Amino acid sequence: MRYTASQDSFSRSVRSLEPISDLEAASFAGRFATDFQSFDQDDPSRRAEVLRPLLADPQACTWGWSGAGRQRADSPLPGRIYRPSDTVVFVEV
């Protein structure tokens, strides 16, 4: 069975149809940056477990890390926000 856009909107929460606020976008970007920039060779699958639900491409979970070493990002600072539309927000972290 194929769903149309109007049928799909009935299966989603009303909150999911609202535009994303600048505060919400900055908060998400900060949390994402912390997870993306943190890794540990003693628990190599942890980073992928955290990032997989957030990334469209599962291979992206390994970008920027060779699998060696340990790093923990703990103080992300969201900065400028660029909003080209109600549904797209870029946040500088």
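Can you find a residue that is among the aliphatic types (A, V, I, L, M) and surrounded by 14 or more Cβ atoms within 10 Å (Cβ to Cβ) anywhere in segment 63-71? Don't jump to the end; show me each part of the working.
Quick first cut of segment 63-71, residues among the aliphatic types (A, V, I, L, M) only: 68.
In the following step, the residues that additionally are surrounded by 14 or more Cβ atoms within 10 Å (Cβ to Cβ) were identified as none.
No - not one qualifying residue is present in segment 63-71.
Just need a number here: residues in segment 40-54 that are open to solvent by 50 Å² or more (accessible area, probe 1.4 Å) and in contact with a Pro (Cβ under 9 Å, 6 or more places away or on another chain).
Of the residues in that region, 1 qualify.
Which condition breaks for D57 when tested against (1) within 28 Å of P19 (Cα to Cα); (2) open to solvent by 90 Å² or more (accessible area, probe 1.4 Å); (3) among the charged types (D, E, K, R)?
D57 satisfies all of (1) within 28 Å of P19 (Cα to Cα); (2) open to solvent by 90 Å² or more (accessible area, probe 1.4 Å); (3) among the charged types (D, E, K, R) except (2).
Confirm whether Q37 is surrounded by 14 or more Cβ atoms within 10 Å (Cβ to Cβ) and not hydrophobic (A, V, I, L, M, F, W, C). Give the derivation first.
Details: surrounded by 14 or more Cβ atoms within 10 Å (Cβ to Cβ): yes; not hydrophobic (A, V, I, L, M, F, W, C): yes.
Answer is yes for this residue.
When the residues of segment 72-89 are filtered to those that are of a type in the set (A, V, I, L, M) and within 16 Å of S38 (Cα to Cα), which remaining residue is surrounded by the fewest Cβ atoms within 10 Å (Cβ to Cβ)? Walk me through it before giving the result.
We begin by selecting, within segment 72-89, every residue of a type in the set (A, V, I, L, M); these are 73, 77, 81, 88-89.
Next, only the ones that are within 16 Å of S38 (Cα to Cα) stay: 73, 77.
Details: A73: 14, L77: 9.
If we take residues in segment 72-89 being of a type in the set (A, V, I, L, M) and within 16 Å of S38 (Cα to Cα), then L77 is surrounded by the fewest Cβ atoms within 10 Å (Cβ to Cβ).
The values are calculated or read from the model by the stated rules, or taken from the named source; none is laboratory data. Computed from a prediction, not measured in an experiment: that's the story for all the values here. Cβ atoms come from the backbone with ideal geometry, glycine included; neighbour counts cover every protein chain shown. The accessibility values were calculated without ligands, DNA or RNA, using every heavy atom of the protein model including side chains. Shrake-Rupley method; radii C 1.70, N 1.55, O 1.52, S 1.80 Å.
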